[in-house]
Each structure stands twice: as structure tokens, then as C-alpha cells.
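Taking it in order: structure first as C-alpha cells, then the write-up.
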Amino acid sequence: MVAVSTATASDDEDERVSELLSLQSRSKSGVIRLNDQSLARYITSVKPPRPYSILLFFDAAQLHDKAELRLTELRNEFSIVASSFISNNPSSGGKLFFCDMEFKESQLSFSQFGVNALPHIRLIGPNMGLKDSQPMDQGDFSRLAESMAEFVESKTKLSVGPIHRPPLFSRNQLILIAVVLLFWIPFFVKKLLAGQTLLHDPKLWLAGSVFVYFFSVSGAMHNIIRKMPMFLVDRNDPSKLVFFYQGSGMQLGAEGFAVGFLYTVVGLLLAFMTHGLVRISNVSVQRVVMIFALLVSFLAVKQVVYLDNWKTGYGIHGFWPSSWN
């Protein structure tokens, strides 16, 4: 009887693994969609140890428009990790499955896992139940697919392997671009030798220098690297948007652009006074324009100092020379 019972349990496990492999093969990215019923079949109704682990991504379609959650981006990165693992480990099929759940389809499962905030990823190991499954730390989402792969490798001892991201351009697109370039190069060389390209236009270089200046002082590189949102939704009033975040640990895109705009105004006024205003022969006009430029620059710098003080709590104070006292 014991042997028959063991054989039956083994057959049931093999059947479930085969079903999961079949669902995985039918998915374009290798991610299996679970719901309350399928979760019960593959997790809660199977006595541990199970022959497989499940990495589960919790999703909610109604929150995809919340830019600060980045659910769509994280779901795409999760698919990249899944497809990379499958392609890098053909012999490890059946040991780890990548699955996702949608809130409207699986509200009971969300409550059983105790998930009350997104994004959320959990690993359900062979000896784990729903409550003791291991959640991925919220701070690890910043590195996207790479951090997900590290989480899998540290918890399952399985190697994900290199991450295979889809190419930026398809093969047909690359062929089309190459054909266009072959036809365009002779015309470009002719214009270049004649000095009639945009590269010979000083206005382009002026606009480019202003853009580089604005890009550097607005913190745009910080926003790109950290993938900071332009604004947040007010938690106390969802109908309001927060463009300026009070606290030194975070900078929104909008506040960086606002400060960058003020810095750029000061820089352009200074450039105009040193290169354009000196060409005006009328001294009265020079004085009026200079006073106006200095006043605007003073107000802009004062606003930047005020924002810095409000955001960080640090004050900036001016001091008169001691000889003036």
C-alpha cells in the first residue's frame, strides 16, 4: 500500500510538472498566468516538498497608469528574466517556473499571500507554503531584470545566466536603415564638402550648448539613471499631483527641470550681457538692460536658494565683509 501510494503521488507530481511545462511552452515569454484555481492545483494542494519552485509576479491592470509603480516596465523585465532562464537552462526545465497573477482574477490569492502593495514578487520554494514564501525586497527593483535574476540565484541556487534583452531593431528594420544610409551618404558628402550642412550652422551649436547646459544643471542624468518619475500622486488626495518632493533623499523630474530652467535663464542673461549687450552703443539702454538682467538673475537665484532650503532644511546665509562693520 505504501509503495502504491508513493507511486501515485509521484505520478501526480509528474503530471503537474508536465502541465506547467505545457503552459510555459504556450506562453510567448515563458510566464504562466495563474489564478485562484490554478494556484490551488500547483501549490496548496501539493504536499511539500514539491519538485519545482515558482517565482510569482503580482500584477493589477487598473494600476498600470500609475507611473510611480512602474508595473508595466517591471512586468516586461520579469518576462525577460523568464525567457533568459528558459533559453540558458534547457536542462533545468521543471525546476523553476515564472508565473504571474492579476488582481481582478485572483483576489483570494492576493489576500492569502497578504499582498497589499505593488510591485510585489514572491518565491514559493519546494518546501514553502503561501505564508512562508519569500518576498523580494522593494529596494531590489531598481536594477530591474538583473536584480530579479540575483534574487532567484540567491534563493534557489539555480543559475539564470546572461540576460537576453530583445534587440532595439529587428532584422528587417536594420536592412531598411542600411539601404537608406547607402542612398543618403553620397548626398551628405556632397553637402559636407560644400559647407551646407547643419554642422556648419552656428545656430545649431548655440542651441546644442544651451541644451547641454540645461541638461547638466537640471539633474536630467540623475532622473534617467534612477528612472525618477516627473511627478507623484498625492496620497491624501489622489486628484492632486506632487511636483516638488520635500526631502533630500529623492528628486522628481519636474523639480529638476524647474531649477534647471532658472539656472538656464541666469546663464543666458549672463551670456547676453557679456556678448550681446556690449555691442549696443547707447549707454542708457545698456544700463537699463543690465539692471533688468541683474534683477531677474537675483530673483531666480533667490528662488533656487528658497527651494533648496525648503527641500533639504539647510539654510544659505550671506555675510558682509568684516571690514564693512
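Values computed for the structure shown
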| read-out | value |
| --- | --- |
| Long-range neighbours under 8 Å by Cβ, at least six apart or interchain, first residue within 20 Å of THR264 (Cα to Cα) within the range 278-295, second open to solvent by 60 Å² or more (accessible area, probe 1.4 Å) and of a type in the set (Phe, Trp, Tyr) | ALA293/PHE272 |
| Residue that is most open to solvent (accessible area, probe 1.4 Å), among those in the range 110-136 that are part of a helix (DSSP H, G or I) and not hydroxyl-bearing (Ser, Thr, Tyr) | GLN112 |
| Filtered residues of the range 180-211 (kept if exposed (fewer than 10 other Cβ atoms within 10 Å of the Cβ) and part of a helix (DSSP H, G or I)) | LEU182, PHE183, PRO186, PHE187, LEU193, ALA194, LEU198, PRO202, LYS203 |
| Members of the range 282-325 that are at pLDDT 85 or above, of a type in the set (S, T, N, Q) and part of a helix (DSSP H, G or I) | SER284, GLN286, SER297, GLN303 |
| Checking ALA117 against (1) modelled with pLDDT under 90; (2) touching a Phe, Trp or Tyr at 6+ places or on another chain (Cβ under 8 Å), the condition it does not meet | (2) |
| Checking LEU74 against (1) under 20 Å from the mean Cα position of the chain (by Cα); (2) assigned to a loop (DSSP other than H, G, I, E, B); (3) aliphatic (A, V, I, L, M), the condition it does not meet | (2) |
| Number of the condition not met by PRO229 [criteria: (1) under 17 Å from LEU63 (Cβ atoms); (2) under 20 Å from the mean Cα position of the chain (by Cα); (3) open to solvent by 90 Å² or more (accessible area, probe 1.4 Å)] | (3) |
| Considering residues of the range 20-66 that are open to solvent by less than 50 Å² (accessible area, probe 1.4 Å) and more than 34 Å from the chain's Cα centre (by Cα) only, the residue modelled with the highest pLDDT | ARG50 |
| ARG26, sole failed condition from (1) without any contact (Cβ under 8 Å) to a residue 24 or more places away in the chain; (2) charged (D, E, K, R); (3) touching a Ser or Thr at 6+ places or on another chain (Cβ under 8 Å) | (3) |
| Unmet criterion (only one of (1) of a type in the set (Phe, Trp, Tyr); (2) outside any helix (DSSP H, G or I); (3) farther than 28 Å from ASP308 by Cα) for PHE244 | (3) |
| Residue that is most open to solvent (accessible area, probe 1.4 Å), among those in the range 71-80 that are out of contact with any strand residue (DSSP E or B) (no Cβ under 7 Å at 6 or more places or on another chain) and of a type outside the set (S, T, N, Q) | GLU73 |
| The range 120-142 residues that are farther than 15 Å from LYS157 by Cα and modelled with pLDDT under 90, paired with ones that are among the β-branched types (Val, Ile, Thr) and open to solvent by 70 Å² or more (accessible area, probe 1.4 Å) (beta carbon under 7 Å, 6 or more apart) | LEU130/THR44 |
| Any hit, the range 297-304, residues being open to solvent by less than 100 Å² (accessible area, probe 1.4 Å) and under 30 Å from SER142 (Cα atoms) | yes |
| Matching residues, the range 75-108, being of a type in the set (A, V, I, L, M, F, W, C) and in contact with a Lys or Arg (Cβ under 9 Å, 6 or more places away or on another chain) | ILE80, CYS99, MET101 |
| Within the range 232-281, tally of residues that are open to solvent by less than 30 Å² (accessible area, probe 1.4 Å) and modelled with pLDDT under 80 | 1 |
| Yes/no for GLU146 being in a helix (DSSP H, G or I), within 22 Å of ARG226 (Cα to Cα) and open to solvent by 70 Å² or more (accessible area, probe 1.4 Å) | no |
| Leading residue by the ranking (modelled with the highest pLDDT) among those in the range 173-216 that are among the polar types (S, T, N, Q) and under 26 Å from VAL265 (Cβ atoms) | SER209 |
| Within the range 154-179, considering residues that are under 21 Å from LEU144 (Cα atoms) and hydrophobic (A, V, I, L, M, F, W, C), the one least open to solvent (accessible area, probe 1.4 Å) | VAL160 |
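The values are calculated or read from the model by the stated rules, or taken from the named source; none is laboratory data. Note that the structure is predicted; figures quoted are calculated from it, not measured. When we count neighbours, we look across all protein chains shown, and the Cβ atoms used for this are built from the backbone with ideal geometry, even at glycine. To get the accessible areas, we keep the full protein, side chains included, count just its heavy atoms, and leave off ligands, DNA and RNA. Shrake-Rupley method; radii C 1.70, N 1.55, O 1.52, S 1.80 Å.
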